[in-house]
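The values are calculated or read from the model by the stated rules, or taken from the named source; none is laboratory data. Predicted model, so just to flag it, every value in this text is computed and none were measured. Positions of Cβ are backbone-derived with ideal geometry, glycine not excepted, and every protein chain shown enters the neighbour counts.
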Amino acid sequence: MTGGTALTGRVRVTGAKNSALKLMAAALLAPGRTTIDEVPDILDVAIMSEVLRRLGCDVDYRRTGDGGGGGRVTIDVPEAPSTETDYDLVRRMRASISVLGPLVARCGSAKVALPGGDAIGSRGLDMHISGLERLGATIVSEHGFLVATAPRLVGTSIWLDFPSVGATENLVMAAVLASGTTVIDNAAREPEIVDLCSMLRAMGALIDGAGTSTITVEGVGSLSPVTYTTVPDRIVAGTWAIGAVMTRGDVLVERAVAEHMAVALDKLTDAGATVEAQPGGVRVAMTERPRCVDIVTLPFPGFPTDLQPMAVALAAVSTGTALITENVFEGRFMFVNELVRLGADVRIDGHHAVVRGREKLSSAPVVATDIRAGAGLVLAGLVSDGVTEVQEVHHVDRGYPDFVEQLRGLGATIERTERPG
């Protein structure tokens, strides 16, 4: 990509990656055909589709003409799905662990390979396991698999040590078919949790408190397949918003939900941007060099850790000095060495990054280490002089549909090439 061009125009956001994958897993809870719209056309969706196929489901994905890289997935779930997932798929995507709760709840057993995913720090499964054990499951780890059995799950009270999104989702999906009432305290409050609970309610589940720290689930005997639309992706929307500010552009992010991005948009306003919530999305415009703002990542409704790499990139070209504090994933700063190669002035001290802004960055070849780091490096390349090459962009493919095409649509000079060998 060649830096120096402001991002201007409209860009459409499709459904949230972090929601769509869990909605696909939730389809296992009901035999029959479930249809999910606004599913992003990304690598992780293809992996989850194959996970479900190997569990016996018939999965079909078709792009729609609405733009934004989204489509419709139909999942035909058999009366008796398989209960074992393959390591070769699960190791490629952590979200595949979300089939554990639905399989145990519906089939009474599951054998799920321990997952892989982004190299951004430790994300243990302790809360998934202890919560399912509280519901009555017996879980052992053997030969790289979690093996869970439960003749019938029974509702109980569960306290999460940390408001883990993945654990909350797995436990809610398990509890909907459990006998009795389950109360999950210190539950995650993310919009993706609300989205999952909304789909489960449409399937016939009885859930109260989604979006709060206490979720109550009254178990039912069975659920029914549904047609459902995925919530817009607030992280992709936030990426476009930050890109508009970094490049001093003017972008309307269509389908973005301002309430889901409140803290991030407030920070952009503090940086000097004009931010307008509109019926069809959010407009972000910037005319001057942005001001540095301090950021602390926290579980929702705090500033999302998934936007932290973009926040560091923004600070790198802002006036003043910013303190970025990472409280969620200890490995999030792994990409900083690559940003420094672009001329950024960043110093790491534990879970803090001190960023001294510069007028512009300088082009260099850099390597993406995870989904969001890759997107952050691309944004940094757009404000660098000369041509910047970001390698290992398959990471970006896991979270951003049509990323290069959408950037071109906003005026960026960027192309995707295959390196020899």
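Selection within segment 17-59: residues that are surrounded by fewer than 23 Cβ atoms within 10 Å (Cβ to Cβ), touching a strand residue (DSSP E or B) at 6+ places or on another chain (Cβ under 7 Å) and among the acidic types (Asp, Glu). The member of this set that is farthest from Val251 (Cα to Cα) is Asp58.
Applying the selection to segment 267-288, what residues are in a loop (DSSP other than H, G, I, E, B) and within 14 Å of Met246 (Cβ to Cβ)?
First pass over segment 267-288, keeping only residues in a loop (DSSP other than H, G, I, E, B): 271-273, 279-280, 286-288.
Correct list: Ala271, Gly272, Ala273, Met286, Thr287, Glu288.
Across segment 62-82, the qualifying residues are those that are in contact (Cβ under 8 Å) with a residue 24 or more places away in the chain and charged (D, E, K, R), and the one among them that is surrounded by the fewest Cβ atoms within 10 Å (Cβ to Cβ) is Glu79. Among the residues making up segment 369-395, those that are surrounded by 23 or more Cβ atoms within 10 Å (Cβ to Cβ) and of a type in the set (A, V, I, L, M) are Ile371, Ala373, Ala375, Leu377, Val378, Leu379, Ala380, Leu382, Val383, Val390. Condition check: in the same structural domain as Arg189 (by TED's automatic domain parsing), crowded, with 23+ Cβ neighbours inside 10 Å and in contact with a strand residue (DSSP E or B) (Cβ under 9 Å, 6 or more places away or on another chain). Does Ile295 satisfy that? In short, no.
Taking the conditions exactly as written (within 20 Å of Tyr400 (Cα to Cα), part of a loop (DSSP other than H, G, I, E, B) and under 20 Å from the mean Cα position of the chain (by Cα)), does Ala264 satisfy them or not?
Numbers: within 20 Å of Tyr400 (Cα to Cα): yes; part of a loop (DSSP other than H, G, I, E, B): no; under 20 Å from the mean Cα position of the chain (by Cα): yes.
In short, no.
Scanning segment 320-340 for residues that are crowded, with 17+ Cβ neighbours inside 10 Å and either charged (D, E, K, R) or assigned to a strand (DSSP E or B) (or both) gives Ala322, Ile324, Glu326, Arg332, Glu338.
Here is a yes/no grid of residues against (1) under 21 Å from Thr239 (Cβ atoms); (2) more than 21 Å from the chain's Cα centre (by Cα); (3) outside the structural domain of Leu89 (by TED's automatic domain parsing); (4) without any contact (Cβ under 8 Å) to a residue 60 or more places away in the chain:
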site	(1), (2), (3), (4)
Ala353	yes, yes, yes, yes
Glu359	no, yes, yes, no
Ser362	no, yes, yes, yes
Tyr400	yes, no, yes, no
Arg416	yes, yes, yes, yes
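Hey, could you check segment 289-319 for residues that are assigned to a loop (DSSP other than H, G, I, E, B) and of a type in the set (Val, Ile, Thr) and say which is nearest to the chain's Cα centre (by Cα)? Applying the filter and picking the extreme gives Val293. Among the candidates Val346, Val312, Val354, which residue alone is within 16 Å of Val293 (Cα to Cα), crowded, with 24+ Cβ neighbours inside 10 Å, in contact with a Leu (Cβ under 9 Å, 6 or more places away or on another chain) and β-branched (Val, Ile, Thr)? Unique residue meeting the criteria: Val312.
Residue by residue through segment 197-246, note down the ones that are in a strand (DSSP E or B), of a type in the set (A, V, I, L, M, F, W, C) and either in contact (Cβ under 8 Å) with a residue 40 or more places away in the chain or crowded, with 18+ Cβ neighbours inside 10 Å (or both). First the steps, then the outcome.
Filtering segment 197-246 down to residues in a strand (DSSP E or B) leaves 206-208, 214-218, 227-229, 232.
Narrowing further to those that are of a type in the set (A, V, I, L, M, F, W, C): 206-207, 215, 217.
Ile207, Ile215, Val217 - these are the residues of segment 197-246 that are in a strand (DSSP E or B), of a type in the set (A, V, I, L, M, F, W, C) and either in contact (Cβ under 8 Å) with a residue 40 or more places away in the chain or crowded, with 18+ Cβ neighbours inside 10 Å (or both).
Per the listing Leu146, Leu132, Leu171, the residue uniquely modelled with pLDDT under 90 and aliphatic (A, V, I, L, M) is Leu146.
Applying a threshold of 7 Å to beta carbon distances and a minimum spacing of six or more residues, or different chains, the list of pairs starting in segment 178-189 at a residue that is at positive phi and ending at one that is among the small types (Gly, Ala, Ser) and in a loop (DSSP other than H, G, I, E, B) reads Gly180/Gly155; Gly180/Gly219; Asn186/Ser213. Per the listing Thr85, Thr14, the residue uniquely in contact with a Pro (Cβ under 8 Å, 6 or more places away or on another chain) and buried (at least 24 other Cβ atoms within 10 Å of the Cβ) is Thr14.
Looking for something part of a strand (DSSP E or B) and closer than 28 Å to Val366 by Cα - is there at least one such residue anywhere in segment 29-49? Yes: one or more hits. Checked against (1) among the aliphatic types (A, V, I, L, M); (2) under 15 Å from the mean Cα position of the chain (by Cα); (3) not in a strand (DSSP E or B), Ala6 passes all but condition (2).
Looking at segment 162-196, which of the residues that are in contact with a helix residue (DSSP H, G or I) (Cβ under 7 Å, 6 or more places away or on another chain) and of a type in the set (S, T, N, Q) is surrounded by the fewest Cβ atoms within 10 Å (Cβ to Cβ)? Filtering first and then ranking leaves Ser164.
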